[in-house]
1. For the range 58-73, how many residues meet the condition of being free of Cβ contacts under 8 Å to residues at least 40 places away in the same chain, closer than 23 Å to Val24 by Cβ and surrounded by fewer than 16 Cβ atoms within 10 Å (Cβ to Cβ)?
2. Taking interchain pairs and intrachain pairs at least six residues apart, which have beta carbon atoms under 7 angstrom, with the first residue in the range 1-29 and outside any loop (DSSP other than H, G, I, E, B) and open to solvent by less than 30 Å² (accessible area, probe 1.4 Å) and the second of a type in the set (Gly, Ala, Ser) and modelled with pLDDT under 95?
Amino acid sequence: QVQFVESGGGLVQPGGSLRLSCTVSRAILWIATVAWYRQAPGKQRELVASITTRSNTNYPDSVKGRFTISKDIGQSTVYLQMNDLKPEDTALYYCNTDPSSQSWGQGTQVTVSS
């Protein structure tokens, strides 16, 4: 069972930045696409960014140009750099390799508010 440990969330003002970290077993970074997801209260979980084994990245229009996903295989970590944060980015952020997985980490809370 793959384990994901998310960290780096917090309270930030609109326009601010945060960098989230997702620690996962190193082998996973070689064999699977890893993605960040978020879920706001009362809303469905949505994809925020993904990175393939070849480091190809993908973003929805809602975060394109503001968020950047990257990975450091040596640190077994996938990062999500979030800039120009907006109140609508407020959510619990998770990472995973499979959106239909029954196994999720605790996530890290991001709150964007003045």
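1. Of the range 58-73, the ones free of Cβ contacts under 8 Å to residues at least 40 places away in the same chain are 58-70, 72.
Applying the additional criterion that residues be closer than 23 Å to Val24 by Cβ yields 58-60, 63, 67-70, 72.
Of the ones still in play, those that are also surrounded by fewer than 16 Cβ atoms within 10 Å (Cβ to Cβ) are 58, 60, 70, 72.
The qualifying residues number 4.
2. Once the first residue is outside any loop (DSSP other than H, G, I, E, B) and open to solvent by less than 30 Å² (accessible area, probe 1.4 Å) and sits in the range 1-29, its partners that are of a type in the set (Gly, Ala, Ser) and modelled with pLDDT under 95 give Glu6/Gly105; Leu29/Ser76.
The values are calculated or read from the model by the stated rules, or taken from the named source; none is laboratory data. Every value quoted in this text rests on a predicted model; they were computed, and no experiment measured them. Using ideal geometry, Cβ is built from the backbone for each residue, glycine included, and neighbour counts are taken over all protein chains shown. Quick note on the areas: whole protein, heavy atoms, side chains included, nothing else; ligands and nucleic acids left out. Shrake-Rupley method; radii C 1.70, N 1.55, O 1.52, S 1.80 Å.
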